[in-house]
Amino acid sequence: MNMGKSKSPVSETEVAAGSSCLAELDAFVGRFDFDAGAVLVNLPQVPFDILDPQVAKNRGYFAYPPSSLLYLGACLRELDVKHSIVDLNYVVLRAVQEGHPDLRALCREKLREAAAQYKKPLLCVSFMFEATYPAFEFVCKFLRSEYPGLCIAAGGVNATADPDILLDRGLVDVVFCNEGEQVLDGFYRFVRGQTREIPVNIVFRDAAGKVQRTPLFSGGPVEIDIKPEYDLIPVHDYHRAGSLSSLSRMNGLDIPFGTILAKRGCRAFCAFCGVRNFNGKGVRLRGAKEVVDEMTLLHEKYGIDHFDWLDDDLLNDKKETLALFHEISERLPGITWAANNGLIATAVDRDLFEAMRKSGCIGFKVGLESGNDEMIKRIHKPSSVKQFLNFAKLAQDFPDIFVSINFILGLPEERFEQMRDSLLVAVRSRLNWHNFYMYQHLKNTEFYIAYGGLGDDYINKEHGKENSGPTLGGLKAIGKDSLHLYINPVRGGAFNNLGKDKDLPTGYEIFNIDPKLVPPRTWVREIWFTFITIANFLTNPCIKGQDEVRLKGMIRWLDVLGMAYPQDPMMAGLRYFLMEKSASYPKAQLEEARSKAKALIDQSDYWSLRDRQFGFSSFLDRAAPELPAKLKYIADLQEGDISVEPIVP
């Protein structure tokens, strides 16, 4: 295995600290049999009690193949450790579609079946996202009660962020931190007596109950052959369980999809993001041939026709990136791909756009995070508003590539005027879609260290990118209500007090907020909703635009969003309006689309209130809603040169 070069070497102090727990580690590994086999577990990504059968049947939930477990499996294969993968997310989503009566019993059954293959297997549970903590706890408690003598291990972003809690609660025996391949390799060499060198990135509890840590190390292998591991999961069937993103659904529900990783790490060091802490400094690249070899296997053996990149910095090293896209276009003509992780706007030029199109790109996200240069500088984003708008202008020449932009609201000490700048830049850009996220702390990031006292109403998330709605709670106090909000804030009741709290600015009232004020958390939720409504619906570029390709793409986008959010009348209403505009749909289909949207408004007190605020029901009368006169300056941003920075009058 090519272990690569790490950008974060272990310090002498860390080595000394790690060496002090050598005797404790010897005692720990002596308690278990680590060579008898391993079971790798991927958790359900949505809490059982809020799974919506209709959304599952529409394939509206994420169904990513567990690529991290494929990489760990490849490491175990090199170590000659027999192993299996249990993807409970796939199991649960398929079961919900089929109306299974007891999802927890089904998960227990699948775990028993996997463990029964080995005498005393190592039980490894991947803990990537904060919202999966209830599932993590459920799985670990079951394994602990069912197999009290076996070692339970955890790994992943959230396990790495707070291993002490998992150990304190008795859920696991050991946590493997950061990237796991190098950790497992060193750990097994130590267990087998092949070295007395202390293995890195291990946190465990010794016989006296004290938490012990070995030296922390980032980086690791990059050229790892995971192709044989695909036989351990039903990769050909994941598209029937869910989707990778709205882009994969947009491509077609019946098109088999897979994921691919070309590079680890990111050149940036954003203050809210955990990539650098988890993966180390810099970016490690796989060879273009090796990447496309894996894609070719997936395409030819398993029928995969669409790919989503898992990279955090896909465009790092333009020369290598162009070579990769060229290799794809030469060897895999006809496949499609998308990049749901945000690309860096300043890295995208005309050469890369052309290469993306030729190699099958249907769309990607860009991580701008803020439309205010002061905030962009504070979060260390390698961009500026001017550079982003130049990118947005270039993107207009590629209407067949769907581009959506990520913004974060409620960053520490962010003033309302800075949040408003994000809305203005979104409208000015005239790109396809705008994703506004609520800021949440991720442990061990720059912002967490500086502002960690903000309290438990901040729920951790991976790389600041996972939840697009308001959330509450945290790992130390996480429950059904907060998770419901995490998955869907409207269904979760984030706005139940709308109209009841007289001090809460709502709808267009948010523009009366003092520009210099740092809005409280409860206000940011309403800002979030209003910005999304204006940027994606009321000023959607397809309302006035004449490009048929973009119009067709937006209708398809709203189709697939509606599968995940079937109760949202704004989506349904705008979809009907654009279908009418396209003049390519039969009358019966238009009438059905209009009736559905109208019923969603009429049958919901909440959405009726929102309609009174924003007037989106006018879409059903084939008229675009108008912004209030005081916000005319926002509507005017839809005209003129995209590259000119917006100004608040």
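The values are calculated or read from the model by the stated rules, or taken from the named source; none is laboratory data. Please read these numbers as outputs of a predicted model, since none were measured by experiment. Heads up, the Cβs are rebuilt from the backbone with ideal geometry, glycines too, and the neighbour counts pull from every protein chain shown. Ligands, DNA and RNA are excluded from the accessible area calculation, which covers all protein heavy atoms including side chains. Shrake-Rupley method; radii C 1.70, N 1.55, O 1.52, S 1.80 Å.
Based on alpha-carbon centroids, what's the gap between region 496-548 and region 427-444 in Å, whole number please?
14
Which entries in 319/552; 319/443; 57/552; 393/587; 318/544 show an alpha-carbon gap greater than 29 Å? Don't skip to the answer; put the middle values down first.
Details: 319/552 33 Å; 319/443 34 Å; 57/552 24 Å; 393/587 36 Å; 318/544 35 Å.
Going by Cα-Cα distance, 319/552; 319/443; 393/587; 318/544 fall outside the 29 Å limit.
Determine, for each peptide in 569-576, 222-229, 170-177, the mean count of other beta carbons within 10 angstrom over its residues, then list the peptides with the highest first.
Descending packing order for the listed peptides: 569-576, 170-177, 222-229.
In the full protein assembly as shown, how much of residue 82 is accessible to a 1.4 Å probe, in Å² to the nearest 10?
The accessible area comes out at roughly 150 Å².
Please report the accessible area of residue 293 (heavy atoms, 1.4 Å probe, ligands and nucleic acids excluded) in Å², nearest 10.
40
Give the ranking of 246, 68, 370 by solvent-accessible surface, highest area first, calculated with a 1.4 Å probe.
Numbers: 246 20, 68 55, 370 0 Å².
Heavy-atom accessible area, descending, gives 68, 246, 370.
Sort 239, 299 by heavy-atom solvent-accessible area, probe 1.4 angstrom, most to least.
Details: 239 5, 299 55 Å².
Result of the area sort, largest leading: 299, 239.
Pairs of Cα atoms under 8 Å, at least six residues apart: use those to get the relative contact order of the chain, whole percent. Don't jump to the answer; show the numbers that get you there.
On the way: 1192 pairs, mean separation 75.8, N = 649.
Answer for the chain is 12 percent.
What is the distance, in nm, between label points placed 7 Å from the Cα along the Cα-to-Cβ direction at residue 142 and at residue 636?
6.0
Which of these values of Cα Rg over 2.2 N^0.38 Å was calculated from the structure shown: (i) 0.96; (ii) 1.08; (iii) 0.91?
Given (i) 0.96; (ii) 1.08; (iii) 0.91, the calculated one carries the label (i).
Work out the length of the dipole vector of the chain about its Cα centre, built from +1 on the beta-carbon of each Lys and Arg and -1 on the beta-carbon of each Asp and Glu, and round it to the nearest 20 debye. Could you put the intermediate results ahead of the total?
Details: 77 positive and 85 negative charges, 92 e Å.
Using Cβ point charges on Lys, Arg, Asp and Glu, the chain gives about 440 debye.
Within region 560-640, report the GluC sites (Glu not before Pro) that DSSP leaves as loop and that have at most 11 other Cβ atoms within 10 Å.
Values: sites: 580, 591, 592, 626, 639; in loops: 626, 639.
Qualifying residues, ordered by number: 639.
If contacts are Cα pairs under 8 angstrom and at least 6 residues apart, what is the relative contact order of region 132-184 in percent?
Values: 51 pairs, mean separation 18.4, N = 53.
With pairs under 8 Å counted, the relative contact order is 35 percent.
Could you work out how much longer the chain between residue 589 and residue 80 gets when fully extended? Use 0.36 nm per residue separation minus the Cα distance between them, nm to one decimal.
On the way: separation 509, 0.36 × 509 = 183.24 nm, distance 5.80 nm.
Extending this stretch completely gives an extra 177.4 nm.
Once both labels are modelled 7 Å past Cα along the beta-carbon direction, what's the residue 549-residue 20 spacing in nm?
In this crude label model, residue 549 to residue 20 measures out at 6.3 nm.
Rg/Rh for region 505-649: what does it come to with C-alpha atoms and Rh from Kirkwood?
0.98
If you count only protein heavy atoms with a 1.4 Å probe, what accessible area per residue comes out for the chain, rounded to a whole Å²?
Details: 24930 Å² over 649 residues.
Value returned for the chain: 38 Å² of accessible area per residue.
First compute the accessible area of the chain with a 1.4 Å probe, then give the percent of it belonging to carbon and sulfur atoms. Don't skip to the end; give the middle numbers.
Details: 12450 of 24930 Å².
In the chain, the share of accessible area belonging to carbon and sulfur is 50 percent.
What whole number of Å gives the distance from the Cα centroid of region 558-589 to the Cα centroid of region 229-277?
27
Report the label-to-label distance for residue 194 and residue 33 in nanometres (one decimal), using points 7 Å from each Cα along the Cα→Cβ vector.
Output for this residue pair reads 2.1 nm.
With r defined as the distance between the Cβ atoms of residue 301 and residue 417 and R0 fixed at 51 Å, what FRET efficiency is calculated, to the nearest 0.05? Please report the intermediate quantities before stating the final value.
On the way: r = 54 Å, r/R0 = 1.07.
Once the sixth-power term is evaluated, E becomes 0.40.
Output the direction-averaged projected area (hull surface divided by four) of the convex hull of the alpha-carbon atoms of region 320-384, in nm².
So the mean shadow area of the Cα hull is 4.7 nm².
Among DSSP beta bridges lying fully in the chain, give the percent that are antiparallel, nearest 5.
Values: 10 of 51 bridges.
Expressed as a percentage, antiparallel bridges in the chain total about 20.
Given the protein chains as shown and a 1.4 Å probe, how many square angstrom of residue 62 are accessible, to the nearest 10?
100
Report the full-extension gain for the segment residue 169 to residue 387: residue separation times 0.36 nm, less the Cα-Cα distance, to one decimal in nm. Please list the in-between numbers first.
Details: separation 218, 0.36 × 218 = 78.48 nm, distance 4.78 nm.
Between residue 169 and residue 387, full extension yields an extra 73.7 nm.
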